[in-house]
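A short write-up of the structure that comes next.
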Amino acid sequence: MFRVSAVLLALSVCLGLDRVSAGNSIQGFIDLESIFVNQLESYVNNVQLAQTKIKRFLDYVDVVQDDLDDSEEYFGNPLNVFTTINRLVNNWQHEVIDVVLDSTEVEEHHTQVEQKLNKHEIEMPTSDDLLDVTSEILELQESIDLPTSELANEVLLEDKERNVNVSLSASDCYVIGRGLHELNHNDFATEWLLEAQFRLSHNEATFSKVKKLQVLEKLAPALQKLGSYKLANKLNNEILKADPKHKDALENKIILEKKLTLGRLANHNSKVEL
């Protein structure tokens with residue numbers, strides 16, 4: 001004799017199975033399962049995409065590690081110092097650890113890493129270290145009068161066996177530009193941020209997840225400080241198009257429109273005087 005368990009009976013009440021026909025109930029289950037399938041497929045696709053990005057990052061680190069014959073010569077170039085610190089400060093955390101591990105595992109991971117660092121008396125680089133190296137890159141660039149585009153495209157590591165050339169990524173250019181903006185070198189900051197934007201617009205294959213919006217959030221204010229109000233306003237509007245409630249962009253919109261209006265009035269008055 002078939003017996004309905006208390007759990008199944010409770011579920012049938014919750015799902016309303018006693019109030020719908022058997023056909024409708026089955027169809028509802030099929031629809032529900034279809035939703036599960038679609039959601040899981042989306043999840044699997046996202047996981048596979050994350051795995052691809054992580055694999056690309058690990059391959060990149062392997063190339064650097066395998067071909068690092070002379071560390072003194074390699075780190076004699078401040079760009080190599082920058083990319084190494086940037087990986088440790090930003091990429092490993094945001095592109096790998098946060099993606100792979102859940103919150104509990106992240107805390108456990110951090111604890112284990114901290115214990116090993118203490119054991120070997122190693123200090124993790126910080127954002128301040130990254131800013132210091134960014135300042136050194138600026139000094140290098142100014143001392144040899146090297147265009148930003150040329151420096152950004154410099155091949156830092158050539159692996160002939162794997163046919164891989166390592167140069168600065170969109171993320172690297174963005175972090176340099178962000179740092180220079182913070183240091184109030186907005187002319188160079190603008191050039192580096194434009195390099196980041198160029199790489200993103202050409203669908204650069206990179207492990208980094210830097211977004212166009214992040215670049216615009218630094219590029220528009222940098223141009224504003226340089227007095228390029230028209231272009232800054234255009235980029236600021238792009239920020240608001242992507243995020244209509246963006247606090248800084250809403251505030252900058254008022255300032256920029258006022259600057260542009262005053263500029264038009266000044267031009268008009270000068271023409272009238274002539």
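The values are calculated or read from the model by the stated rules, or taken from the named source; none is laboratory data. These numbers were taken from a predicted model, which means no experiment stands behind them. Neighbour counts run over all protein chains shown; Cβ positions are idealised from the backbone, glycine included. Keep in mind that these areas ignore ligands, DNA and RNA; they rest on the heavy atoms of the full protein, side chains included. Shrake-Rupley method; radii C 1.70, N 1.55, O 1.52, S 1.80 Å.
Side notes on the structure shown:
- The calculated FRET efficiency for His110 paired with Leu226, based on their beta-carbon distance and R0 = 45 Å, is about 0.65.
- Computed E for Asp145/Leu260 - FRET, C-beta separation, R0 35 angstrom, nearest 0.05: 0.55
- Label-point separation, Leu250 to Glu154 (7 Å along Cα→Cβ), nm: 4.3 nm
- Label-to-label distance for Val100 and Val61 is 0.7 nm, based on points extended 7 Å past Cα in the beta-carbon direction.
- Whole-Hz ³J(HN,Hα) from phi, Karplus 6.51 cos²θ - 1.76 cosθ + 1.60, for segment 251-259, glycine and proline x: 5, 5, 4, 5, 5, 5, 5, 5, 4
- Subset of Lys218/Lys253; Lys55/Lys160; Lys211/Lys245; Lys55/Lys119; Lys212/Lys245 violating a 26 Å alpha-carbon distance limit: Lys55/Lys119
- Proximity of backbone amide H atoms, modeled 1.01 Å from N, is registered between Leu157 and Val166 at under 5 Å, excluding neighbours fewer than 5 places apart on the same chain.
- When Ser143, Ser171, Ser71 are compared by accessible area at a 1.4 angstrom probe, the order from most to least is Ser143, Ser71, Ser171.
- Rounded to the nearest 10 Å², the accessible area of Thr52 at probe 1.4 Å: 70 Å²
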